[in-house]
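Report on the following structure.
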Amino acid sequence: MSGVWTLAELREGQISPVSYELLAWGRSLADSLEVELSSIALGSKIHDVNSLFDHGADIVYKVDDDRIEHFLPDVYSNVITKLAKAYHPQIIIASATTYGRTIMPILSTKLNTGLTADCTKLEIENGTLLQTRPAIGGNVMATIRTQTTPQMATVRPRSKKPISYDKSQRKIVIPKIEDELFKSAYRWMKFEKDESIDSPIQESDIVVSGGRGMKDENHFEMLYELAKKFNGTVGASRTAVDMGWIPYSHQVGLSGKTVNPRLYMAFGISGAIQHIAGMSSSEVVVAVNTDPDAPIFNVADFGIIGDATEILPELLKALGDENG
């Protein structure tokens with residue numbers, strides 16, 4: 001076994017910050033097992049992998065090829081599968097981002113092993129990985145032990161702070177990849193930036209969300225105004241998205257994005273289990289709803305019983321202008 005692996009993420013050749021958070025998870029596991037921590041970096045025109053060593057890696061497996069300039073799931077899974085079969089990692093972890101949620105199920109199938117998604121805690125017990133994640137709509141925490149290897153898991157972004165790591169010996173492995181592994185059933189078309197959102201909602205420290213209780217899309221303007229004051233991002237329930245009040249990229253929940261900000265504010269969201277599962281790990285939750293029995297109050301640290309469309313104007317007024 002070659003220790004613990006993390007799957008680094010790259011954007012236009014640059015290492016994504018989520019890769020450093022993942023290394024913090026991996027470093028803890030590798031130290032417990034007294035093994036090396038490796039990071040797998042795949043992409044085109046990779047600028048620099050030294051930052052991966054600075055944040056916890058002992059070894060970096062680097063595959064830099066123009067044929068993987070864009071994320072093609074079959075090619076990426078082919079390459080990582082080859083590496084895994086050649087070097088036999090005991091544990092592979094990835095972030096529960098679009099990349100991780102796409103590639104890890106494919107890898108687990110190719111490697112004939114299990115996968116635990118959206119973990120909030122990883123620890124070693126008797127030499128094996130224990131994986132803890134929310135279950136039953138976030139009402140219980142389940143601890144899972146995978147019986148096969150490699151043991152595989154995804155962890156929620158922003159659930160650990162990056163660490164600093166100083167090791168004099170740094171090893172970069174550049175494996176030879178056969179041309180046939182770069183053949184893809186996909187054809188890259190284009191990339192279109194979502195102009196409705198400044199940054200990915202799952203990376204925001206403050207999320208201001210609205211649901212059916214916002215009544216119509218015009219009232220969502222107040223959420224954008226409030227989010228701007230806090231330098232946060234606007235989220236939404238599935239109902240609000242389905243009604244066309246806000247794009248899907250803002251949806252929080254099992255069928256949308258999983259978020260864990262320092263502050264989550266829910267306006268007019270009743271708190272269906274699918275929505276709660278996507279935000280229950282937020283540090284502080286503030287809920288506003290007309291129904292005192294709304295499930296959202298069960299996970300809220302602070303609750304206000306009232307009409308969100310009436311409370312929001314008062315809240316914005318109390319906060320004053322951005323310079324006040």
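No lab work stands behind these numbers, since they all come straight from the coordinates. Just so it is clear, the model here is predicted, and its values are computed rather than measured. Neighbour counts are summed over all protein chains in view; Cβ atoms, including those assigned to glycine, are modelled from backbone coordinates with ideal geometry.
Points to keep in mind about this one:
- Calculated FRET efficiency, residue 101 to residue 310, Cβ-Cβ distance, R0 = 30 Å: about 0.20 to the nearest 0.05.
- Ranked list, fewest to most other Cβ atoms within 10 Å of each Cβ, for 270, 204, 184: 184, 270, 204
- Modelled label reach - residue 12, point 7 Å along Cα→Cβ, the range 46-87 residues with backbone N closer than 17 Å: 46-48, 69-71
- For the chain, averaging the sequence separation of C-alpha pairs within contact (under 8 Å, six or more residues apart) and dividing by the residue count gives a relative contact order of 14 percent.
- Pairs over the 28 Å Cα-Cα cut-off, from the set 110/161; 167/193; 62/183; 215/257; 121/176; 62/161: 110/161; 167/193; 121/176.
- Tensor-based shape of the range 42-88 (alpha-carbon gyration tensor, a/c under 1.5 rounded, otherwise prolate or oblate): oblate
- Ordered by the count of other Cβ atoms within 10 Å of each Cβ, fewest first, 88, 250 give 88, 250.
- Using a Förster distance of 35 Å, the FRET efficiency for residue 145-residue 274 (Cβ separation, nearest 0.05): 0.85
- Put in line by how crowded their Cβ is, counting other Cβ atoms within 10 Å and starting with the fewest, 245, 5, 25 read 245, 25, 5.
- Only helices enter this figure: runs of n ≥ 4 DSSP H residues, each worth -39500 (n - 2.57), summed and divided by the residues of the chain, yield -7500 deg cm²/dmol at 222 nm to the nearest 500.
- Candidate membrane-span-like segments in the chain, meaning DSSP H helices with Cα atoms spread over at least 18 Å of their own axis and a Kyte-Doolittle mean of -1.0 or above, are 18-33, 73-87, 98-110, with no membrane implied.
- Going through (1) 20.0; (2) 18.1; (3) 29.4, the figure that equals mean projected area of the Cα convex hull in nm² as computed for the structure here is (2).
- Full extension of the segment from residue 192 to residue 66, taken as 0.36 nm per residue of separation minus the current Cα-Cα distance, would add 43.3 nm.
- The length gained on full extension between residue 74 and residue 1, counted as 0.36 nm times the residue separation minus their Cα-Cα distance, comes to 23.8 nm.
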